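For reference, the structure discussed in these notes is given below.
The values are calculated or read from the model by the stated rules, or taken from the named source; none is laboratory data. Every value quoted in this text rests on a predicted model; they were computed, and no experiment measured them. Cβ coordinates were reconstructed from backbone atoms using ideal geometry, including for glycine residues, and neighbour counts include every protein chain displayed.
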Amino acid sequence: MINKVTIQKEQALNAVKNGEFDKSVIASKEIVLIVLTQDWCPQWQAMKTWLYDSADVDVDIDIYELEYNTTDYFEEFKTFKEEQFGNPNVPYLRFYKNGTLIEQTNYISKDRFIEIIGQ
């Protein structure tokens with residue numbers, strides 16, 4: 001089952017302050033994906049066409065999403081993402097298993113997504 005969750009301002013700014021998302025986010029399920037992106041990104045728009053389709057997914061996964069260019073803390077979060085996580089590209093994906101980062105990447109195919117989550 002795929003659970004879509006929008007990252008709230010408090011969660012995002014807490015990550016900026018602490019250098020990582022809180023355990024309540026990254027360990028909310030055995031498998032967690034955090035998507036940090038901007039709404040205009042064509043690769044993100046393409047990923048959204050299949051990302052939340054649970055037909056091929058047997059894993060219970062939380063997908064946290066933040067389109068940070070639509071927020072009032074855009075510059076602060078963008079700087080954090082690029083400097084702390086070292087990735088200026090969008091979409092930026094962080095996969096966690098049991099609260100531990102297992103993969104970070106940018107745009108991926110559905111097949112690669114299924115491979116990463118252990119299907």
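A few points about this structure:
- Matching entry among V35, V16, V57 (being among the hydrophobic types (A, V, I, L, M, F, W, C), surrounded by 13 or more Cβ atoms within 10 Å (Cβ to Cβ) and touching a Pro at 6+ places or on another chain (Cβ under 6 Å)): V35
- Counted residues, region 21-40 - those being touching a residue at least 24 places away in the same chain (Cβ under 8 Å), of a type outside the set (A, V, I, L, M, F, W, C) and part of a loop (DSSP other than H, G, I, E, B): 5
- Subset of region 66-104 [assigned to a strand (DSSP E or B), buried (at least 17 other Cβ atoms within 10 Å of the Cβ) and free of Cβ contacts under 8 Å to residues at least 60 places away in the same chain]: E67, Y92
- Those residues of region 45-54 which are buried (at least 18 other Cβ atoms within 10 Å of the Cβ) and free of Cβ contacts under 8 Å to residues at least 40 places away in the same chain, in sequence order: none
This table checks each residue for (1) modelled with pLDDT of 95 or more; (2) aromatic (F, W, Y).
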residue	(1), (2)
F80	yes, yes
F85	yes, yes
F95	yes, yes
E103	yes, no
D111	no, no
I114	no, no
